[in-house]
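A.B. asks: One structure follows; several queries about it will come next.
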Amino acid sequence: MSDSASTSVASRLAAKGPGIHAVLLYGASSSTPAAVGRSCETGRAVDLLLIAPAGESRVIKNEAVIGGPKYEGIPIVDFVRTGPLMSRNKIVFIEDADRMNSASANALLKTLEEPSERLKLILTTSTMSALLPTIVSRCVAIPCANAGSADLLEEFGELAPYEEAFSEGDP
């Protein structure tokens, strides 16, 4: 996908109202962007939900989607029930989506098939063939190449003080 096409998809994903609601980033070994991870860990990103494989088996279980008594986080279905508090949209970021077990993948389908107007989903995977075809078909798939830290630093440079404050500081 060309840079202009990627920019178009990104702007349509960020747009208000109907349009693209789910993007699947595939091909690169996925990892959560550092600023996203820090924001979620500190609880500052109230309109962002990060779902990642957990436990020894590194699996995303059904409880991450629908909840359950032993699940310690906010399940996706509960997160999407309300509108955004501080942003234009709520965002669910599912890292290594190919690690969903079959129950969680099937539970996610309802959210993908009937998305809220103010919900955007971003899924990442290094193995697209491990995802249910119905999940892939409901996302705009964008190929990604692995970028090492040196490449990212060259492309984007160091964080500006205001960017660092935004990603780690008080709101």
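A.B. asks: Can you tell me how many residues in region 109-123 are under 15 Å from I60 (Cα atoms) and open to solvent by less than 10 Å² (accessible area, probe 1.4 Å)?
C.D. replies: Of the residues in region 109-123, 1 are under 15 Å from I60 (Cα atoms) and open to solvent by less than 10 Å² (accessible area, probe 1.4 Å).
A.B. asks: Considering region 124-146 alone, what residues qualify as being surrounded by fewer than 19 Cβ atoms within 10 Å (Cβ to Cβ) and of a type in the set (S, T, Y)?
C.D. replies: Of everything in region 124-146, those that are surrounded by fewer than 19 Cβ atoms within 10 Å (Cβ to Cβ) and of a type in the set (S, T, Y) turn out to be S126, T127, S129, T134, S137.
A.B. asks: Same structure again: For the subset of region 43-95 comprising residues that are of a type in the set (S, T, N, Q) and either in contact (Cβ under 8 Å) with a residue 24 or more places away in the chain or not in a loop (DSSP other than H, G, I, E, B) (or both), which member is most open to solvent (accessible area, probe 1.4 Å)?
C.D. replies: So, considering only residues that are of a type in the set (S, T, N, Q) and either in contact (Cβ under 8 Å) with a residue 24 or more places away in the chain or not in a loop (DSSP other than H, G, I, E, B) (or both), the one most open to solvent (accessible area, probe 1.4 Å) is S87.
A.B. asks: Here is a follow-up. May I ask you to say which residue of T111, T125 is free of Cβ contacts under 8 Å to residues at least 60 places away in the same chain, among the β-branched types (V, I, T) and touching a strand residue (DSSP E or B) at 6+ places or on another chain (Cβ under 8 Å)?
C.D. replies: Only one candidate passes the filter, namely T111.
A.B. asks: Can we say E163 is under 21 Å from I91 (Cα atoms), out of contact with any Ser or Thr (no Cβ under 9 Å at 6 or more places or on another chain) and modelled with pLDDT under 70?
C.D. replies: Taking the combined requirement at face value, the residue satisfies it.
A.B. asks: Moving on to the next point. Would you check which residues across region 110-131 are out of contact with any Pro (no Cβ under 8 Å at 6 or more places or on another chain) and not aliphatic (A, V, I, L, M) and list them?
C.D. replies: Selection gives K110, T111, E113, E114, P115, S116, K120, T124, T125, S126, T127, S129.
The values are calculated or read from the model by the stated rules, or taken from the named source; none is laboratory data. Every value quoted in this text rests on a predicted model; they were computed, and no experiment measured them. Don't worry about glycine lacking a Cβ; one is built from the backbone with ideal geometry, like all the others, and counts go over all protein chains shown. Protein only, heavy atoms only, side chains kept; ligands, DNA and RNA dropped before computing areas. Shrake-Rupley method; radii C 1.70, N 1.55, O 1.52, S 1.80 Å.
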